[in-house]
Amino acid sequence: MTSAREAWQSRLHLAAVVVGAWLVCTSPWVSLLRRIPAHAGFFDWAHVVLGFGALLVGLLYAGACSRGGRWRLYFPWLAGNVRPAARDVANLLRGRLPSAEGGGLFATIEGLLLLALLVVGLTGTAWFVVQGSAEALACRDAHIVAARVLIGLAVAHVLAVATHLVELA
């Protein structure tokens, strides 16, 4: 991978982290139910605008991570290759840390996290498109579930990175 591509991916990763953290951490102050309220506040509008930004970042990052066949690293199960992740889970159950290389458990977690980011963005966009309709609450509910999955995968990702750092030390 070229250093320019690595720099681009690093910026996209940082943008996803910062925007995602903002959206999650400020979500308790967001009051978007069936539509954007007439007197929507800063957090409501920031959530909508940054949510669209997060979807764009997610799409760009997914594209950057998938170029040149690299999608097989993050989504090995799409190519029918579940063996490395299964091996890592088995090793984890035996008390051994999984390797960060080879498209195993850590890479699968990264890929699922990226998919979750896209699903959160798409369900939020669906809510925006159908706001005011009966479907808006269903889209909101799906958005909240997807966001909770994203949070769980983000925690798993941080733990995986931490164990990788321990492995390097």
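Would you pick out the residues in segment 1-21 that are surrounded by fewer than 16 Cβ atoms within 10 Å (Cβ to Cβ) and either among the hydroxyl-bearing types (Ser, Thr, Tyr) or more than 18 Å from Cys65 (Cα to Cα) (or both)?
Thr2, Ser3, Ser10, Val18, Ala21
Would you confirm whether or not segment 149-168 contains a residue that is surrounded by fewer than 21 Cβ atoms within 10 Å (Cβ to Cβ), touching a Ser or Thr at 6+ places or on another chain (Cβ under 9 Å) and either at pLDDT below 95 or not in a helix (DSSP H, G or I) (or both)?
yes
Contact list please: Cβ distance under 6 Å, first residue in segment 51-80 and farther than 13 Å from Leu113 by Cα, second residue in a loop (DSSP other than H, G, I, E, B), pairs at least six apart or on different chains.
As it stands, the answer is Leu73/Gly103; Pro76/Gly103, since those pairs meet every condition given.
Taking only segment 62-77 into account, find how many residues are surrounded by 13 or more Cβ atoms within 10 Å (Cβ to Cβ) and either within 20 Å of Val158 (Cα to Cα) or among the basic types (Lys, Arg) (or both).
Result for segment 62-77: 7.
Looking only at residues in segment 106-135 that are part of a loop (DSSP other than H, G, I, E, B) and small (Gly, Ala, Ser), which one is surrounded by the most Cβ atoms within 10 Å (Cβ to Cβ)?
Looking at the filtered set, the residue picked out is Ser133.
Looking at segment 78-87, which of its residues are in a helix (DSSP H, G or I) and either surrounded by 15 or more Cβ atoms within 10 Å (Cβ to Cβ) or among the aliphatic types (A, V, I, L, M) (or both)?
Leu78, Ala79, Pro84, Ala85, Ala86, Arg87 - these are the residues of segment 78-87 that are in a helix (DSSP H, G or I) and either surrounded by 15 or more Cβ atoms within 10 Å (Cβ to Cβ) or among the aliphatic types (A, V, I, L, M) (or both).
Condition test on Gly68, is it assigned to a helix (DSSP H, G or I) and at positive phi? Step through it out loud before you land on a result.
Numbers: assigned to a helix (DSSP H, G or I): yes; at positive phi: yes.
Against the criterion (assigned to a helix (DSSP H, G or I) and at positive phi), Gly68 qualifies.
Name the residue, out of Gly103, Gly95, that is assigned to a loop (DSSP other than H, G, I, E, B) and surrounded by fewer than 13 Cβ atoms within 10 Å (Cβ to Cβ).
Gly95
Take Ala142 and decide whether it is surrounded by fewer than 19 Cβ atoms within 10 Å (Cβ to Cβ), touching a Phe, Trp or Tyr at 6+ places or on another chain (Cβ under 9 Å) and either at pLDDT 90 or above or of a type in the set (D, E, K, R) (or both).
Working: surrounded by fewer than 19 Cβ atoms within 10 Å (Cβ to Cβ): yes; touching a Phe, Trp or Tyr at 6+ places or on another chain (Cβ under 9 Å): yes; either at pLDDT 90 or above or of a type in the set (D, E, K, R) (or both): yes.
Yes, satisfied.
Select, from Thr108, Thr125, the only residue that is under 18 Å from Gly152 (Cβ atoms) and of a type outside the set (A, V, I, L, M).
Selected residue: Thr108, the only one of Thr108, Thr125 that is under 18 Å from Gly152 (Cβ atoms) and of a type outside the set (A, V, I, L, M).
What pairs can you find where one residue is in segment 11-32 and touching a residue at least 60 places away in the same chain (Cβ under 8 Å), the other is of a type in the set (Val, Ile, Thr), and their Cβ atoms are less than 6 Å apart, with a gap of 6+ or different chains?
Listed by first residue and then by second, the contacts come to Ala16/Val57.
With respect to the numbered conditions (1) of a type outside the set (Ser, Thr, Tyr); (2) part of a helix (DSSP H, G or I); (3) surrounded by 15 or more Cβ atoms within 10 Å (Cβ to Cβ), which one is the sole condition not fulfilled by Ala90?
It fails just one condition, (3).
The values are calculated or read from the model by the stated rules, or taken from the named source; none is laboratory data. Only a predicted model underlies this, so the values are computations on that prediction, with no experimental measurement involved. Virtual Cβ from ideal backbone geometry, glycine too; neighbours counted across all protein chains shown.
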